[in-house]
Amino acid sequence: MNLLQVRDLETHFISRDIDNRVRIAHALNGITFDVEEGEILGIVGETGAGKSLTAQSVVGLLRPPARIVGGQVRFEGRDLLTMSEDDLNAIRGNDIAMVVQNPRTSLDPLSRIGDQLIRIRRAHSESSEAEARSRAVEMMTAVGIPDPELRLSAWPHELSGGMAQRVLIAMALMNEPKLLIADEPTTGLDVTVQAQILELLRDLVTRMNMGAIIITHDLGVVANFCDRMAVMFAGGIVETGTVGDVFENPAHPYTSNLVDATPERLKIGRKAVFGGAPPDLYNLPDGCHHRDRCRFAREECSTPPPLREVGLKHVARCHFAGELPETAQ
Ligand SMILES: Nc1ncnc2c1ncn2[C@@H]1O[C@H](COP(=O)(O)OP(=O)(O)O)[C@@H](O)[C@H]1O
Ligand code: SF4
Ligand SMILES: [Mg+2]
């Protein structure tokens, strides 16, 4: 079943320069994707592509001067962009949970782990202290923390980076979310711990039939742990499809550059970085935003490319998607 539907989402940074003229950074330009129950969507792209901004826009956690100026975000059919702040808060605390990068800054250093978990449970439900505590133990167990009863009284600084990240995931699971959004959940952890935590996320998604979005700049994470993927470039999604289809048959020149068919591609740690500066969001090129970096650019590319279907639920935003032989290695 469809959980989340994002359509043509546009987010701008609106400010004024020293001459008081309005300046607009086109940070998200028509983002469209779906998340189904029981699947993991990987959003991948180089730094500055707009991945975190996409997550923040979806859950309504943007800070000024960022502002959503168009599009829809539907969660189980309800539009999150037009609902009241109270309704949105209720959904955010229960049905949609977020895990962000850097557990050190996300955990309250002055509060024991157990108290933080219990607080989250009780803030969003009628749960008693005892029920919340037993749920905390259950979730600590689910994320593979040994001696969960004992660890409830641990302080955040007593945990290793990997353990702290597991606690954050346990926190996100306290209220049985239907959708989990994890923004670079394992960046900064060593490769073995990364793999363990991502394995755990996969397992939880299957067992609890959640939907999940994993945001990452690491292609190996997408290749190994996601079902479908969306590739971001300059505030837009340039290609979406199953992980198998996109890796086997990349249809957009940017994706093809990222993937480039080497065995190395499946290793965790392979960054989504490809030569060339990202376009200036205040001054995007007319037509295709990839134009200045694209080795296939030609005259037609000065008009905006549509999303072209290149396979079953496999689309790419390029005038020549599926027709560029070199991109289908
Ligand atoms: N206050 C701001 N004003 C203008 N641009 C901003 C502001 N904050 C972030 N950005 C830009 O928004 C873009 C998207 O950022 P982000 O979503 O954090 O990228 P990612 O998570 O993919 O690395 C970046 O290019 C960043 O420079
Ligand atoms: S539309 Fe043109 S510039 Fe854009 S990705 Fe396709 S070939 Fe390259
Ligand atoms: Mg980010």
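With the stretch 225-329 as the region, which strands (runs of 3 or more DSSP E) entirely inside it contain at least 3 residues that are at pLDDT 95 or above and buried (at least 19 other Cβ atoms within 10 Å of the Cβ)? Can you show your working first?
On the way: elements: 228-233, 236-242, 307-311, 314-317.
Strands (runs of 3 or more DSSP E) meeting the threshold: 228-233, 236-242, 314-317.
One line per residue, one yes/no per condition, for (1) closer than 25 Å to A55 by Cα; (2) modelled with pLDDT of 90 or more; (3) open to solvent by 70 Å² or more (accessible area, probe 1.4 Å):
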residue: L110; (1), (2), (3): no, yes, yes
residue: I118; (1), (2), (3): no, yes, no
residue: L168; (1), (2), (3): yes, yes, no
residue: L179; (1), (2), (3): yes, yes, no
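What strands (runs of 3 or more DSSP E) completely inside the stretch 5-84 contain at least 2 residues that are without any contact (Cβ under 8 Å) to a residue 60 or more places away in the chain?
Working: elements: 22-36, 40-45, 66-75.
Result: 22-36, 66-75.
Among T32, T54, which is the only one that is within 10 Å of ligand 3 (Cβ to nearest atom) and out of contact with any helix residue (DSSP H, G or I) (no Cβ under 6 Å at 6 or more places or on another chain)? Spell out how you get there, then give the answer.
Working: T32 fails: within 10 Å of ligand 3 (Cβ to nearest atom).
Testing whether each residue is within 10 Å of ligand 3 (Cβ to nearest atom) and out of contact with any helix residue (DSSP H, G or I) (no Cβ under 6 Å at 6 or more places or on another chain) leaves just T54.
Across the stretch 164-183, what is the number of residues that are within 27 Å of T47 (Cβ to Cβ) and either aliphatic (A, V, I, L, M) or touching a Ser or Thr at 6+ places or on another chain (Cβ under 6 Å) (or both)?
Qualifying residue count for the region: 11.
Yes/no matrix, rows are residues, columns are (1) touching a Lys or Arg at 6+ places or on another chain (Cβ under 8 Å); (2) assigned by TED's automatic domain parsing to the domain that holds V221; (3) closer than 12 Å to D8 by Cα:
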| site | (1), (2), (3) |
| --- | --- |
| N29 | no, yes, yes |
| E36 | no, yes, no |
| I40 | yes, yes, no |
| G50 | no, yes, no |
| L53 | no, yes, no |
| G60 | yes, yes, no |
| I68 | no, yes, yes |
| L80 | yes, yes, no |
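Of (1) more than 19 Å from L81 (Cβ to Cβ); (2) open to solvent by 10 Å² or more (accessible area, probe 1.4 Å), G45 satisfies all except one. Which?
It fails just one condition, (2).
Mind telling me which of the residues S84, S57 ends up being of a type in the set (S, T, N, Q), away from ligand 2 (no atom under 16 Å from the Cβ) and either modelled with pLDDT of 95 or more or more than 28 Å from I118 (Cβ to Cβ) (or both)? Explain how you work it out, then say what you get.
Details: S84 fails: either modelled with pLDDT of 95 or more or more than 28 Å from I118 (Cβ to Cβ) (or both).
Only one candidate qualifies: S57.
State all residues of the stretch 148-161 that are free of Cβ contacts under 8 Å to residues at least 24 places away in the same chain and closer than 14 Å to R133 by Cα; if no residue qualifies, say none.
P148, E149, L150, listed by residue number.
The values are calculated or read from the model by the stated rules, or taken from the named source; none is laboratory data. Quick caveat: nothing in here was measured; it's all calculated off a predicted structure. Backbone-built Cβ (ideal geometry, glycine too); neighbour counts: all protein chains shown. Side chains are part of the model used for accessible areas, which takes the heavy atoms of the whole protein and leaves out ligands, DNA and RNA. Shrake-Rupley method; radii C 1.70, N 1.55, O 1.52, S 1.80 Å.
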